[in-house]
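Notes follow the structure.
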Amino acid sequence: MTGLYLDAAATSAVRREVLEAMWPYLTGDFGNPSSHHAVGESAARALAAARSTVAEWLGCRASEVVFTSGGTEADNLAIKGIALGAPRGRHIVTTPIEHEAVLASVDHLVRLHGFEVTLVPVGRDGRVSPSAFAAALRADTTLASVMLANNEVGTIQPVAELAALAHEKGVPFHTDAVQAAGWLTLDVHALGVDALSVSGHKIGAPKGIGALFARGRLALEPVVHGGGQERGRRSGTENVAGAVALATAARLSMRDREANAVRASAARDAFVAAVVAATPGAQLTGHPSERLPGTASFVFPGTNGETVLLELERRGIVSSSGSACAAGSEDASHVLLALGYDEDVARTAVRFSWGADVTESDLLAVAPAVADAVREVSGLAS
Ligand code: PLP
């Protein structure tokens, strides 16, 4: 594409190293890992190696990695699988700013399985208060799920602290790390979580591959039934090329994550300062510092976010009003409403998100275009 792609939180391009690593498993080495012949065994070896690499990335055992079709399926498996697998009771604790994959899975349990849910409120900065979270846990709570970083405003949650509080009450803890992947460390022991979801297409692997870390002792009721692949936790012929792709992207992330995060955080801070200085009324949403290096979201009161997006696209800048799932929807973002924004202000949101290839000077060049687009939409253009 021409112009600048600032919608990496929606998806990213497949990296060349990833494409090269997966290519053989789409062509010559195309076997089914369950087949008992040389072609199948070769695919099974590639799958096992990919599983080990993903386990190294997450700091867990290979047997604790379940490959899925993406972040949505990993979240579904975590929420439904844990809640139905070992029901201590029928109560789930989560937050109102989770991705739809978590919220709709919880809703399914409420509607069809008689669960109750407590949504722990978040502050204006999008952070969950640990004391409010602890107060929501009950003797019959089966599962707590809080995302590591939010996909719309980029706020990072104190997951290690929340997981420890859940464990004090014997409650298993899941985190959706789909947006955190590539930027934050995902060591499941340091985080203290029992389950963690990731998705390939946010870190340079293709769409349609993801993984769930599920701690060995967790009883996990499968969501997808069939031939019993993935140790019975997720049936379906394995996406070998996808698993190899996810492992390759994970390896690149292990190598580059820290340096990328430092660089992108500095670029983000310069960009935010430039946008706020140039654009009257612009407000950064989410936490001022506990936020993803590659995301900056704003509201521009007095405008319409979708119209600002069109103006930006005319200027060669591709961004989004929030989550890709809600793009084009008339509804105000459930995340911004939960942060306490009025509906009319929430409708003015624009999210910029980028990968490690975008530099500070790229972002600084965008700031005047943002100011220009916002002036145009608010009717203030001279
Ligand atoms: N969770 C979060 C926080 C996300 O941002 C997304 C995708 O945008 C998902 C889950 C779903 O992942 P996938 O697109 O791989 O199904």
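The values are calculated or read from the model by the stated rules, or taken from the named source; none is laboratory data. None of these values were measured; they are calculated from a predicted model. As a convention, Cβ positions derive from the backbone with ideal geometry for all residues, glycine included, and neighbour counts pool all protein chains shown. Heavy atoms of the whole protein, side chains included, go into the accessibility calculation; ligands, DNA and RNA do not. Shrake-Rupley method; radii C 1.70, N 1.55, O 1.52, S 1.80 Å.
Going by the conditions given, is Thr11 surrounded by fewer than 20 Cβ atoms within 10 Å (Cβ to Cβ) and within 12 Å of the ligand (Cβ to nearest atom)? Yes: the conditions hold for Thr11. For the stretch 131-146, the criterion of being touching a strand residue (DSSP E or B) at 6+ places or on another chain (Cβ under 6 Å), of a type outside the set (A, V, I, L, M), more than 24 Å from Trp354 (Cβ to Cβ) and outside any strand (DSSP E or B) is met by at least one residue.
Look through the stretch 34-43, keep the residues that are in contact (Cβ under 8 Å) with a residue 12 or more places away in the chain and assigned to a helix (DSSP H, G or I), and return whichever of them is least open to solvent (accessible area, probe 1.4 Å). Before you say what the answer is, go through the steps one by one.
So the first thing to find is which residues in the stretch 34-43 are in contact (Cβ under 8 Å) with a residue 12 or more places away in the chain, and the list is 34, 42-43.
With assigned to a helix (DSSP H, G or I) added as a condition, the list becomes 42-43.
On the way: Ser42: 22, Ala43: 0 Å².
This residue is Ala43.
Take the conditions (1) open to solvent by 10 Å² or more (accessible area, probe 1.4 Å); (2) touching a Leu at 6+ places or on another chain (Cβ under 7 Å); (3) within 16 Å of the ligand (Cβ to nearest atom); (4) not in a loop (DSSP other than H, G, I, E, B); Leu184 misses just one of them, which is (4).
Whether a residue is in contact with a His (Cβ under 9 Å, 6 or more places away or on another chain) and free of Cβ contacts under 8 Å to residues at least 40 places away in the same chain was assessed, and Gly192 passes this test.
Residue-wise test of (1) small (Gly, Ala, Ser); (2) touching a His at 6+ places or on another chain (Cβ under 9 Å).
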residue: Val153; (1), (2): no, yes
residue: Leu184; (1), (2): no, no
residue: Ser199; (1), (2): yes, no
residue: Ala219; (1), (2): yes, no
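If only residues of the stretch 100-128 that are in a strand (DSSP E or B) and surrounded by fewer than 20 Cβ atoms within 10 Å (Cβ to Cβ) are counted, the one that is farthest from the ligand (Cβ to nearest atom) is Glu116. Screening the stretch 187-224 for residues that are away from the ligand (no atom under 16 Å from the Cβ) and closer than 24 Å to Arg255 by Cβ and picking the one that is least open to solvent (accessible area, probe 1.4 Å) gives Val188.
Please verify whether Pro288 is surrounded by fewer than 16 Cβ atoms within 10 Å (Cβ to Cβ) and at pLDDT 95 or above, treating the condition exactly as stated. Yes: the conditions hold for Pro288. Per the listing Ile92, Ile97, Ile79, the residue uniquely farther than 19 Å from Asp194 by Cβ and either assigned to a loop (DSSP other than H, G, I, E, B) or open to solvent by less than 10 Å² (accessible area, probe 1.4 Å) (or both) is Ile97.
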